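*Asks:* Below is the structure I would like to discuss, written out as structure tokens.
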Amino acid sequence: MATVAQWMAGARVRTLPNSIAPVLVGSGATVEIGGFVWWKAVLALIVALAFQVGVNYANDYSDGIRGTDAERVGPLRLVGSGLVPPAKVRTAAFACFAIACVAGLVLVVTSGQWWLLAVGVVCLLGAWYYTGGKNPYGYLGLGEVAVFLFFGPVAVLGTLYVQAGRITWLAVITSVALGCFSAAVLAANNLRDLPGDSEAGKRTMAVRLGDSGTRNFYSLLALVPFVVTFVLAFTVSPWFLLGVAAGLQISPSVRTVYSGATGPSLIPVLKDTALAMLVWAVATTVAFVIS
């Protein structure tokens, strides 16, 4: 029981910020144009949370049956540790995806935008084939690209569109910032797992860039949201400077990455980067509402 609790605690670090942040910012963008619909925002949050939890289970299952979690540096994995049978973890993933699909279908029907079904299918396929299937794209160095798209533009703009029926440039630029935050979390994760992934044949972005390149890549991703913050502060409203508060959360992580930290020493970087994303999202949402 304690080990399951450890897995859930580790999953929450990834799940909550990745899911809540884009829905917050997307909803903030709807308030800015007077299109906020609370129950659609709640459904969007359910979609995001269910998809993210489902991805966690799917990755646990797929990596576990491949044996790539046998020598793991990070938090406990259910299948890799032998704690839970693979079939049960796979069923949990499918159940989460089903919840996301039902909530998403309600949003599609009520918005009347049936083309969004195609977006949902792409998200579902992206969630499973990240580490699933014969040629998972997460093993080809495309994980950060997918995370950027799905937890940045797709999530933020999707939340805005199902409520307001249109897209704004403010939502686009903030979605880029959130996508970079999410990609930074994965970059830190892959940097931590770089030696093991290389031996297991996982060609993640970190393996392709190498140790030094990945550290620079992480730092660049961490910087982009604050460039966006200053752009918005000088072009829209000074209230967007509230996002600078997230810098207090992420700056120690950047220093840790540049210090050459490896293995377990990088685990706090994942948590602090994810929390910085959430702080930035809350601050930016407040700025949207006030401005």
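*Asks:* Regarding the range 91-105, can at least one residue be identified that is more than 17 Å from GLN52 (Cβ to Cβ) and of a type in the set (A, V, I, L, M)?
*Replies:* Going through the range 91-105, the residues more than 17 Å from GLN52 (Cβ to Cβ) turn out to be 91, 105.
Applying the additional criterion that residues be of a type in the set (A, V, I, L, M) yields 105.
So far as the range 91-105 goes, yes, one or more of its residues are more than 17 Å from GLN52 (Cβ to Cβ) and of a type in the set (A, V, I, L, M).
*Asks:* Another question about this same structure. Of all residues being at pLDDT 95 or above and within 17 Å of the chain's Cα centre (by Cα) in the range 240-268, which is farthest from VAL228 (Cα to Cα)? Just the residue, please.
*Replies:* So, considering only residues that are at pLDDT 95 or above and within 17 Å of the chain's Cα centre (by Cα), the one farthest from VAL228 (Cα to Cα) is ILE250.
*Asks:* THR174 is checked against (1) under 16 Å from VAL55 (Cβ atoms); (2) modelled with pLDDT of 95 or more; (3) not aliphatic (A, V, I, L, M) and fails just one. What number does that condition carry?
*Replies:* For THR174, the exception is condition (1).
*Asks:* Just checking, does the range 105-112 include any residue being over 29 Å from ALA287 (Cα atoms) and not in a helix (DSSP H, G or I)?
*Replies:* Our first condition is that a residue be over 29 Å from ALA287 (Cα atoms); within the range 105-112, this holds for 105-106, 109, 112.
Restricting the remaining residues to those that are not in a helix (DSSP H, G or I) gives 112.
For the range 105-112, residues over 29 Å from ALA287 (Cα atoms) and not in a helix (DSSP H, G or I): present.
*Asks:* For TRP280, indicate whether it is under 27 Å from VAL37 (Cα atoms) and surrounded by fewer than 22 Cβ atoms within 10 Å (Cβ to Cβ). Before the answer, list the steps.
*Replies:* Numbers: under 27 Å from VAL37 (Cα atoms): yes; surrounded by fewer than 22 Cβ atoms within 10 Å (Cβ to Cβ): no.
Spelling it out, it is not the case that TRP280 is under 27 Å from VAL37 (Cα atoms) and surrounded by fewer than 22 Cβ atoms within 10 Å (Cβ to Cβ).
*Asks:* Same structure again: Would you confirm, using the coordinates I've provided, whether VAL185 is among the hydrophobic types (A, V, I, L, M, F, W, C), touching a residue at least 60 places away in the same chain (Cβ under 8 Å) and closer than 15 Å to VAL25 by Cα? Break it down into steps so the answer makes sense when it comes.
*Replies:* Values: among the hydrophobic types (A, V, I, L, M, F, W, C): yes; touching a residue at least 60 places away in the same chain (Cβ under 8 Å): yes; closer than 15 Å to VAL25 by Cα: no.
Taking the combined requirement at face value, the residue does not satisfy it.
*Asks:* Here are some conditions: (1) modelled with pLDDT of 95 or more; (2) within 30 Å of ALA233 (Cα to Cα); (3) surrounded by 19 or more Cβ atoms within 10 Å (Cβ to Cβ). ALA164 meets all but one. Which one does it not meet?
*Replies:* Condition not satisfied by ALA164: (1).
*Asks:* Looking at the range 168-200, which of its residues are within 28 Å of VAL23 (Cα to Cα), in a helix (DSSP H, G or I) and touching an Asp or Glu at 6+ places or on another chain (Cβ under 8 Å)?
*Replies:* Matches in the range 168-200: LEU170, ALA183, LEU186, ALA187, ASN190, LEU191.
*Asks:* Separate question: Read through the list (1) among the small types (Gly, Ala, Ser); (2) at pLDDT below 90; (3) in contact with a helix residue (DSSP H, G or I) (Cβ under 8 Å, 6 or more places away or on another chain), then give the number of the only condition that GLY104 fails.
*Replies:* (2)
*Asks:* Condition check: free of Cβ contacts under 8 Å to residues at least 24 places away in the same chain and either small (Gly, Ala, Ser) or assigned to a loop (DSSP other than H, G, I, E, B) (or both). Does ALA118 satisfy that? Even if it seems obvious, please write down each step before you answer.
*Replies:* On the way: free of Cβ contacts under 8 Å to residues at least 24 places away in the same chain: yes; either small (Gly, Ala, Ser) or assigned to a loop (DSSP other than H, G, I, E, B) (or both): yes.
Spelling it out, ALA118 is indeed free of Cβ contacts under 8 Å to residues at least 24 places away in the same chain and either small (Gly, Ala, Ser) or assigned to a loop (DSSP other than H, G, I, E, B) (or both).
The values are calculated or read from the model by the stated rules, or taken from the named source; none is laboratory data. All values reported here derive from a predicted model rather than from experimental measurement. Note: ideal-geometry Cβ built from the backbone for every residue, glycine included; neighbour counts use all protein chains shown.
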